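To start, the structure itself, in structure tokens.
What follows is calculated from the coordinates using simple rules that are stated; it is not laboratory data. For clarity, every value in this text was computed on a predicted model and none was experimentally measured. Methodologically, a virtual Cβ is constructed for each residue, glycine included, from the backbone with ideal geometry; neighbour enumeration extends over all protein chains shown.
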Amino acid sequence: MKFFRLISIVEGISLVTLLFVAMPLRTYADMPLAVTYVGWVHGILFIVYGATSLIASHLSGWPVWKWLLVLFLGVVPFGFLYVDHLIRREIPNASAARTA
């Protein structure tokens, strides 16, 4: 679950970078390669995010709607912050279940 949390944060930062740094650079500074490079990185990270979200949902026993919500939040700017909140809320429950 910690790996999925890390991937979620990195993918979210790449989306925000693409939308709020690379795209304005392309439009206002005539630097189209910014979108090309950041877009490639973001695309690869989103594929990894989708795969790890599926694995995390299976290991955590999430219902399908929760997995779809987490997957949808991967394309929403700053949605990764809510996903991080969901994961952090779930981690203490998992550690408490192991100690009991």
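For the stretch 46-61, just list the computed ³J(HN,Hα) in residue order, Karplus coefficients 6.51, -1.76 and 1.60, θ = phi - 60°, integers in Hz, with x standing in for Gly and Pro.
With the stated coefficients, the stretch 46-61 comes to 5, 5, 5, 4, x, 5, 6, 5, 5, 5, 5, 5, 5, 5, 8, x Hz.
Determine ³J(HN,Hα), in whole Hz, for all residues of the stretch 25-32 in sequence, where each value follows from phi through the Karplus function 6.51 cos²θ - 1.76 cosθ + 1.60 and θ = phi - 60°; x replaces Gly and Pro.
So the Karplus estimates, Gly and Pro as x, are 4, 5, 7, 9, 10, 6, 10, x Hz.
Would you pull out the residues with amide H under 5 Å of Val76's amide H, same chain only if 5 or more places away, H placed 1.01 Å from N?
none
Let me check against my output: what whole-number percent is the relative contact order of the stretch 2-99, with C-alpha pairs under 8 Å and at least 6 apart?
That works out to 37 percent.
Take Tyr82 and Trp67, extend 7 Å from each Cα along the Cα→Cβ direction, and tell me the distance between the two endpoints in nm.
Output for this residue pair reads 2.0 nm.
Through the Karplus equation 6.51 cos²θ - 1.76 cosθ + 1.60, θ set to phi - 60°, convert the phi angles of the stretch 10-22 into ³J(HN,Hα) values in whole Hz; use x for Gly and Pro.
5, 5, x, 5, 5, 5, 5, 5, 4, 6, 9, 10, 5
Using modelled backbone amide H atoms (1.01 Å from N, in-plane), which distant-in-sequence or interchain residues come within less than 5 Å of Met31's amide H?
Those qualifying (amide H under 5 Å, at least 5 residues apart or on another chain) are Arg26.
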